[in-house]
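Engineer: Pasting a structure here, questions to come.
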Amino acid sequence: MNIFSEILAELNRESRLRSIPHTPPDNLLDLSSNDYLSLGERWHEFTEEFNDRFPDAAFSSSASRLLSARQRHHEQLEDYLAQLYGRPALLFNSGYHANVGCVGALTLPSALFVCDKLIHASIVDGLRIAGSQFKRFPHNDIGRLRILLEKEATHHDLIVVVVESIYSMDGDMAPLRELVELKRSYPNLLLYVDEAHAFGVRGEKGLGLAEELGVLPDIDFLIGTFGKAAASAGAFVVTSHEGKDFLVNRARPFIFSTALPPVNAAWSHLMTEKITMMGEERKRLQRLSAHFRGEVERISGTPSASQSQIIPFLTGSPEKALALASRLREAGFIALAIRRPTVPPGGDRIRFSLGADMSPEIIEPLFITLEEAAHEI
Ligand SMILES: Cc1ncc(COP(=O)(O)O)c(C=O)c1O
């Protein structure tokens, strides 16, 4: 259709046309996926244990959780998560479903969402779909958040402050302790924290940044995803008993979508068990990230915002991001260009995403290419 090709041509002119990358040859090092503990690379090591432990996990649940007879593995996983987090957990089919569902459910007539400017698209979509009232505060700016709350809090029965614990594109952290402190001044305030990029990676047992900072009980809705460090698929929400019952009754993606296959819930269960014991891998990942960040800062000549395994290299234009990605690929590294609308205008970048099993020696040549290419493009 003409109208489609015009839009696609325009995206192409602006260097913003997206396409699905082909599976790359095995000899390239993938720095674009979110396989932070390198569990996704090692999955075959666990298949025997999986088959022994979960021989009866079926490949379809054949109905939504509210109708399905086949959900023993979902319940077992929720029980295990509840044991780890000390509060009930509810599974969702993906992080996208979880955010759209929870935001939708919490959109009560008198609720106001107060969101960090850089929250994930799935939360933004949740707000839009539900027609929620929302305001945004500048990224990680607690001062501006405080001003907003002073102005708005008394006009609403419910205020939901929404942040990511580790931001997906900048790799920096939300000031969770300050947020928890702020919450104490507002009895009608709920804290909603998306830990998609911290689950598996932060905290002694890998439960996320809230665990690391000792504020788990203060987070009212904590979102974790299984598709990143946990090398599986799906997501969960940790909340109160009432909160869980409320979501079961009100979160539309939970109610109106076929539940994850039991085999998937069982795999997430096994992977989560592994995660709790991967303290060494977490330390290794932190060391690698610190070195990588230092090199990126040296080459770019600017301090990096990153405080994690996600490290951006800003290029300032989509053309430069594409050119840099292609140079890196020639040198053996898959590190894809991130452009608008995933990041704000001018925030075009290469997003490097590290894994615990990446060898520092194999990564070293990347810095040479990055330095050469950054001066040439
Ligand atoms: C912060 C954040 N939340 C949620 C999601 C969605 O999770 P999922 O991929 O499981 O749908 C993502 C995925 O990229 C994310 O980065």
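The values are calculated or read from the model by the stated rules, or taken from the named source; none is laboratory data. Small disclaimer: the values here were computed from a predicted structure and weren't measured. Cβ coordinates were reconstructed from backbone atoms using ideal geometry, including for glycine residues, and neighbour counts include every protein chain displayed. SASA here: full protein model, heavy atoms, side chains in, ligands and nucleic acids out. Shrake-Rupley method; radii C 1.70, N 1.55, O 1.52, S 1.80 Å.
Engineer: Let me confirm something: among Ser68, Ser62, Ser32, which residue is at positive phi and either aromatic (Phe, Trp, Tyr) or part of a loop (DSSP other than H, G, I, E, B) (or both)?
Structural biologist: On the way: Ser68 fails: at positive phi; Ser32 fails: at positive phi.
Only one candidate qualifies: Ser62.
Engineer: Among what's in region 102-125 and is away from the ligand (no atom under 11 Å from the Cβ) and either under 13 Å from the mean Cα position of the chain (by Cα) or open to solvent by 10 Å² or more (accessible area, probe 1.4 Å) (or both), pick the residue that is farthest from Arg250 (Cα to Cα).
Structural biologist: Lys117
Engineer: I would also like to ask the following. Name the single residue, out of those in region 9-51 being closer than 28 Å to Pro345 by Cβ, of a type in the set (A, V, I, L, M) and surrounded by 10 or more Cβ atoms within 10 Å (Cβ to Cβ), that is farthest from the ligand (Cβ to nearest atom).
Structural biologist: Filtering region 9-51 for residues closer than 28 Å to Pro345 by Cβ gives 9-21, 30-34.
Then drop every residue that is not of a type in the set (A, V, I, L, M), which leaves 9, 11, 17, 20, 31.
Keeping just the survivors that are surrounded by 10 or more Cβ atoms within 10 Å (Cβ to Cβ) gives 9, 11, 17, 31.
Values: Ala9: 28, Leu11: 21, Leu17: 20, Leu31: 16 Å.
Only one residue fits best here, namely Ala9.
Engineer: Something else about it: Cβ-Cβ under 8 Å, sequence separation 6+ or interchain: first residue in region 108-122 and in the same structural domain as Leu182 (by TED's automatic domain parsing), partner within 16 Å of the ligand (Cβ to nearest atom) and polar (S, T, N, Q). Which pairs?
Structural biologist: Correct list of pairs: Asp116/Asn140; His120/Asn99; His120/Ser168; Ala121/Thr342; Ser122/Asn99.
Engineer: If you don't mind, there's one more thing I want to ask. Going residue by residue through region 67-82, is there one that turns out to be in contact with a strand residue (DSSP E or B) (Cβ under 7 Å, 6 or more places away or on another chain) and more than 28 Å from Gly208 (Cα to Cα)?
Structural biologist: Of region 67-82, the ones in contact with a strand residue (DSSP E or B) (Cβ under 7 Å, 6 or more places away or on another chain) are 74, 77-78, 81-82.
From what's left, more than 28 Å from Gly208 (Cα to Cα): none.
No, the conditions are met nowhere in region 67-82.
Engineer: Within region 200-214, can you find the residues that are free of Cβ contacts under 8 Å to residues at least 60 places away in the same chain and open to solvent by less than 10 Å² (accessible area, probe 1.4 Å)?
Structural biologist: Here is the first cut: in region 200-214, the ones free of Cβ contacts under 8 Å to residues at least 60 places away in the same chain are 203, 208-214.
Listed by number, the residues that qualify are Gly208, Leu209, Ala210.
Engineer: Which pairs have Cβ atoms under 8 Å, sit 6 or more apart or on different chains, and link a residue in region 165-180 that is among the charged types (D, E, K, R) and part of a helix (DSSP H, G or I) to one that is away from the ligand (no atom under 11 Å from the Cβ) and modelled with pLDDT of 95 or more?
Structural biologist: Short answer, once both residue conditions are applied: Arg177/Leu213; Arg177/Val215; Glu178/Ile142.
Engineer: When only residues in region 60-101 that are touching an Asp or Glu at 6+ places or on another chain (Cβ under 8 Å) and more than 16 Å from the ligand (Cβ to nearest atom) count, which is most open to solvent (accessible area, probe 1.4 Å)?
Structural biologist: Checked region 60-101; the qualifying residue most open to solvent (accessible area, probe 1.4 Å) is Tyr80.
Engineer: Sort out which residues of region 130-160 are part of a strand (DSSP E or B) and open to solvent by 40 Å² or more (accessible area, probe 1.4 Å), and write them in order of number. Quick ask: steps written out before the conclusion?
Structural biologist: Of all residues in region 130-160, those part of a strand (DSSP E or B) come to 133-137, 158-160.
Of everything in region 130-160, those that are part of a strand (DSSP E or B) and open to solvent by 40 Å² or more (accessible area, probe 1.4 Å) turn out to be Gln133, Phe134, Lys135, Arg136.
Engineer: Follow-up question, since we're still on this one. Can you tell me which condition Arg128 does not meet? The list is (1) within 16 Å of the ligand (Cβ to nearest atom); (2) touching a helix residue (DSSP H, G or I) at 6+ places or on another chain (Cβ under 8 Å); (3) charged (D, E, K, R); (4) farther than 18 Å from Tyr167 by Cα, and all the others hold.
Structural biologist: Of (1) within 16 Å of the ligand (Cβ to nearest atom); (2) touching a helix residue (DSSP H, G or I) at 6+ places or on another chain (Cβ under 8 Å); (3) charged (D, E, K, R); (4) farther than 18 Å from Tyr167 by Cα, only one is false for Arg128: (2).
Engineer: May I pose another question? If Ala356 satisfies every condition in (1) open to solvent by 30 Å² or more (accessible area, probe 1.4 Å); (2) modelled with pLDDT of 95 or more; (3) in a loop (DSSP other than H, G, I, E, B) but one, which is the exception?
Structural biologist: Condition not satisfied by Ala356: (1).
Engineer: Pairs only if they're at least six apart or on different chains, beta carbon under 8 angstrom, first in region 331-347 and of a type in the set (Phe, Trp, Tyr), second not in a strand (DSSP E or B); list them, first residue then second.
Structural biologist: Listed pairs, sorted by first residue: Phe333/Leu28; Phe333/Leu31; Phe333/Leu366; Phe333/Thr369.
Engineer: Can you name every residue in region 222-277 that is assigned to a helix (DSSP H, G or I), within 13 Å of the ligand (Cβ to nearest atom) and free of Cβ contacts under 8 Å to residues at least 60 places away in the same chain? Steps first, please.
Structural biologist: At the first step, the residues of region 222-277 found to be assigned to a helix (DSSP H, G or I) are 241-250, 252-255, 262-276.
Narrowing further to those that are within 13 Å of the ligand (Cβ to nearest atom): 253, 264, 268.
Passing the criteria: only Asn264.
Engineer: I need every pair where a residue in region 145-161 that is within 18 Å of Leu106 (Cα to Cα) has its Cβ under 6 Å from the Cβ of a residue that is part of a helix (DSSP H, G or I), sequence separation at least 6 or different chains.
Structural biologist: Partner pairs satisfying both residue conditions: Ile159/Ala153; Val160/Leu106.
Engineer: Also, quick follow-up: Across region 325-348, what is the number of residues that are more than 17 Å from Arg18 (Cβ to Cβ), open to solvent by less than 20 Å² (accessible area, probe 1.4 Å) and not in a loop (DSSP other than H, G, I, E, B)?
Structural biologist: Within region 325-348, residues that are more than 17 Å from Arg18 (Cβ to Cβ), open to solvent by less than 20 Å² (accessible area, probe 1.4 Å) and not in a loop (DSSP other than H, G, I, E, B) number 2.
Engineer: Report yes if some residue within region 359-376 is under 25 Å from the mean Cα position of the chain (by Cα) and surrounded by 22 or more Cβ atoms within 10 Å (Cβ to Cβ); otherwise report no.
Structural biologist: No, region 359-376 has no match at all.
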